[in-house]
Protein chains: 2
Amino acid sequence: MAAERPAEPAPRISVWLDDRPAPRRYSRTGAEQPGLDRAAITAATVALLDAEGTAKFSMRRLAGELGVTAMSLYWYVNSKEELMELAVDAVQADLTLPDLAGADWRESLRLLAGAYRRMLVDHPWVARTVGQYLNIGPEAMRFAGAAQSVLGSAGLRPEQLPGALAAVFQFVNGFASVEANWNARLADTGMQPDEFYAMVLARVDGMPQYADSLELRDEADRGVSVRQMRQNDFDTALELLIAGVGALREGTHDPPAPR
Amino acid sequence: MAAERPAEPAPRISVWLDDRPAPRRYSRTGAEQPGLDRAAITAATVALLDAEGTAKFSMRRLAGELGVTAMSLYWYVNSKEELMELAVDAVQADLTLPDLAGADWRESLRLLAGAYRRMLVDHPWVARTVGQYLNIGPEAMRFAGAAQSVLGSAGLRPEQLPGALAAVFQFVNGFASVEANWNARLADTGMQPDEFYAMVLARVDGMPQYADSLELRDEADRGVSVRQMRQNDFDTALELLIAGVGALREGTHDPPAPR
DNA sequence: GCAATCGCTGTACACCGTACAAGAATTCTG
DNA sequence: CAGAATTCTTGTACGGTGTACAGCGATTGC
């Protein structure tokens with residue numbers, strides 16, 4: 001008798017590993033509302049998250065925005081988490097890939113990293129989710145493919161690509177994540193960036209292990225705005241990464257020599 | 001009359017920017033329980049998060065573990081978020097710094113990055129929080145100080161340090177975050193690593209932009225276990241970063257020349 | 001016309017973080 | 001030693017959360 005039991009309901013891993021046709025068959029001819037579908041729900045999710053952030057987002061709130069009950073969303077989406085996966089991927093659709101035709105790989109990498117950073121700062125709720133979901137949706141893959149092909153054109157060997165990709169884009173993600181959080185705290189307090197920075201510095205200066213090197217930085221950056229410092233940090237890291245990619249390529253035993 | 005109003009309750013930014021003496025004056029002489037304090041609560045929080053993850057963690061659950069009511073925790077801690085900040089910092093206390101005395105900066109960086117990665121994989125709930133909190137607690141600073149001094153000893157100029165630090169440790173954080181998530185999904189499904197990997201690959205292979213380069217990788221890594229691949233990716237990225245630091249140093253206009 | 005399905009609603013459950021007031025335990029003050 | 005003051009702990013309650021489940025008109029295929 002136990003053989004008939006459907007056992008566990010097969011734990012869900014990711015929307016992207018779950019085939020679900022999202023049927024939408026009826027036409028709702030006379031209805032006022034044009035009717036829901038995954039795309040509309042996802043778009044509204046992105047808009048709401050952009051406007052109010054993760055904390056104020058809820059299924060009921062979203063449903064209200066769509067003029068509908070919370071539970072009706074579950075016809076199109078299995079869970080809130082799944083919806084978040086959809087939203088995270090959807091937001092990467094706006095991540096228009098720069099034209100990399102004439103650019104060499106270094107410049108291409110700069111363009112891609114910059115675009116990625118901008119996307120994360122514009123949509124602060126995304127950064128937290130990278131690493132939390134599988135992130136293998138179509139839009140994510142489009143970007144990953146572009147990035148991978150840039151690094152490939154730099155002459156890296158195939159088995160070097162994933163590591164190099166991770167080095168570059170995990171950095172960008174982490175950096176932008178901190179940046180977005182910093183912006184959010186600023187908005188909460190209403191302080192000026194430099195005022196807030198000074199407050200944090202004052203606290204950190206009292207800590208033994210860190211004070212020395214930080215004072216150096218403090219001196220070096222005197223008179224430089226927080227915004228400029230951040231840009232400088234990003235640029236420095238990016239040049240470091242590009243130089244690293246170059247070094248990895250030169251360490252290649254079989255130079256790729258396109259004939 | 002409005003002048004007397006205490007206005008907003010001063011929005012909290014971080015535990016570390018909030019001076020709170022955590023008094024603890026009574027001795028609870030005859031009591032069974034040894035009595036609570038921040039350290040005990042934080043330790044229990046870490047233990048619970050390690051054991052069951054963020055999802056099952058709650059103030060009530062934690063209180064139960066400590067044989068106490070949920071609300072009594074709020075005598076020692078202002079909010080759950082603040083408690084998370086404390087836990088994130090506390091877990092970095094176990095992050096014992098390797099002995100960097102005899103090692104050159106390259107090897108030191110490898111050791112630090114490895115230790116950091118291990119910490120994040122052992123405590124998967126930490127990775128998600130980096131970038132979400134200010135992360136300027138004493139233990140975080142101890143590690144950051146060590147990392148900064150290693151990079152400083154590599155000959156980077158002060159204004160290059162933050163960028164280089166970010167490049168290295170934001171990568172490690174992101175990488176370990178993905179790694180920890182992957183482990184969690186594996187545990188959920190009970191699949192074998194390679195089985196799970198094959199499933200994801202199968203899905204990804206169907207996506208147009210990504211298929212080509214991925215097939216390369218698939219070929220290159222045929223017969224290699226997922227675990228080995230991951231280690232290879234981490235090592236590749238780390239060597240890339242180290243080479244990048246080296247290149248940044250060589251690009252220095254004023255060589256540091258310690259006299 | 002009728003059965004089946006779709007799309008949606010309402011209600012309900014268990015759980016969450018935490019505000020607030022009251023009470024028990026302990027120490028301070030006299 | 002009495003009483004006031006303070007330190008902790010508790011109980012109750014509020015407004016939320018995600019979502020299971022049953023039901024119910026609208027639409028469709030037969």
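Residues that are away from chain A (no Cβ under 14 Å), within 16 Å of the chain's Cα centre (by Cα) and within 12 Å of DNA strand C (Cβ to nearest atom) do not occur anywhere in region B:56-66.
Inside region B:170-192, residues that are more than 8 Å from chain A (Cβ to nearest Cβ) and open to solvent by 10 Å² or more (accessible area, probe 1.4 Å) make up a count of 9. For A:Ala167, the test of being closer than 30 Å to B:Pro158 by Cβ, among the aliphatic types (A, V, I, L, M) and either modelled with pLDDT of 95 or more or open to solvent by less than 10 Å² (accessible area, probe 1.4 Å) (or both) is passed. The residue that is nearest to DNA strand C (Cβ to nearest atom), counting only those in region B:83-96 that are in contact with a Ser or Thr (Cβ under 8 Å, 6 or more places away or on another chain) and within 14 Å of another protein chain (Cβ to nearest Cβ), is B:Met84.
If you go through region A:53-109 and keep only what is near DNA strand D (Cβ under 9 Å from one of its atoms), in contact with a helix residue (DSSP H, G or I) (Cβ under 7 Å, 6 or more places away or on another chain) and part of a loop (DSSP other than H, G, I, E, B), you end up with A:Phe57, A:Thr69, A:Val77. Close contacts from region B:53-72, counting a first residue that is closer than 17 Å to B:Arg38 by Cβ and open to solvent by 50 Å² or more (accessible area, probe 1.4 Å) and a second that is modelled with pLDDT of 95 or more and more than 10 Å from DNA strand D (Cβ to nearest atom), with Cβ to Cβ under 7 Å and a gap of 6+ residues or different chains, come to B:Glu65/B:Ala44; B:Glu65/B:Leu48. Listed conditions (1) within 13 Å of DNA strand D (Cβ to nearest atom); (2) within 14 Å of chain B (Cβ to nearest Cβ); (3) modelled with pLDDT of 85 or more are all met by A:Thr45, apart from (2). For beta carbons closer than 7 Å, sequence separation of 6+ or different chains, a first residue in region A:168-197 that is farther than 30 Å from A:Arg106 by Cα and a second that is open to solvent by less than 50 Å² (accessible area, probe 1.4 Å) and β-branched (Val, Ile, Thr), the qualifying pairs are A:Arg185/B:Ile13; A:Thr189/B:Ile13; A:Pro193/A:Val226; A:Asp194/A:Val226; A:Phe196/A:Thr189; A:Tyr197/A:Val226.
Considering (1) more than 20 Å from B:Ala180 (Cβ to Cβ); (2) within 16 Å of DNA strand D (Cβ to nearest atom); (3) surrounded by 18 or more Cβ atoms within 10 Å (Cβ to Cβ), the lone condition that A:Leu156 does not fulfil carries the number (2). The one condition from (1) more than 21 Å from A:Ile136 (Cα to Cα); (2) of a type in the set (Lys, Arg); (3) at pLDDT 90 or above that B:Arg230 does not meet is (1).
Taking first residues from region A:227-250 that are under 12 Å from B:Ala237 (Cα atoms) and facing another protein chain (nearest Cβ under 8 Å) and partners that are open to solvent by 50 Å² or more (accessible area, probe 1.4 Å) and not basic (Lys, Arg), the Cβ contacts under 9 Å between residues at least 6 apart in sequence or on separate chains come to A:Gly244/B:Glu239; A:Ala247/B:Glu239; A:Leu248/B:Glu239.
Count of region A:118-167 residues, restricted to those that are more than 15 Å from the chain's Cα centre (by Cα) and either touching a residue at least 12 places away in the same chain (Cβ under 8 Å) or more than 7 Å from chain B (Cβ to nearest Cβ) (or both), is 12.
Assess whether A:Asp99 counts as being modelled with pLDDT under 95, open to solvent by 60 Å² or more (accessible area, probe 1.4 Å), more than 25 Å from A:Trp16 (Cβ to Cβ) and more than 15 Å from DNA strand C (Cβ to nearest atom). Here the answer is yes, as A:Asp99 does meet what is asked. Within this structure, A:Val91 passes the test of being in contact with a His (Cβ under 9 Å, 6 or more places away or on another chain) and surrounded by 18 or more Cβ atoms within 10 Å (Cβ to Cβ).
The values are calculated or read from the model by the stated rules, or taken from the named source; none is laboratory data. Predicted model only: the values in this text are computed from it and were never measured. With ideal geometry, Cβ positions are generated from the backbone for all residues, glycine too; neighbour counts draw on all protein chains shown. Just the protein is used for accessible areas: all its heavy atoms, side chains included, with ligands, DNA and RNA removed. Shrake-Rupley method; radii C 1.70, N 1.55, O 1.52, S 1.80 Å.
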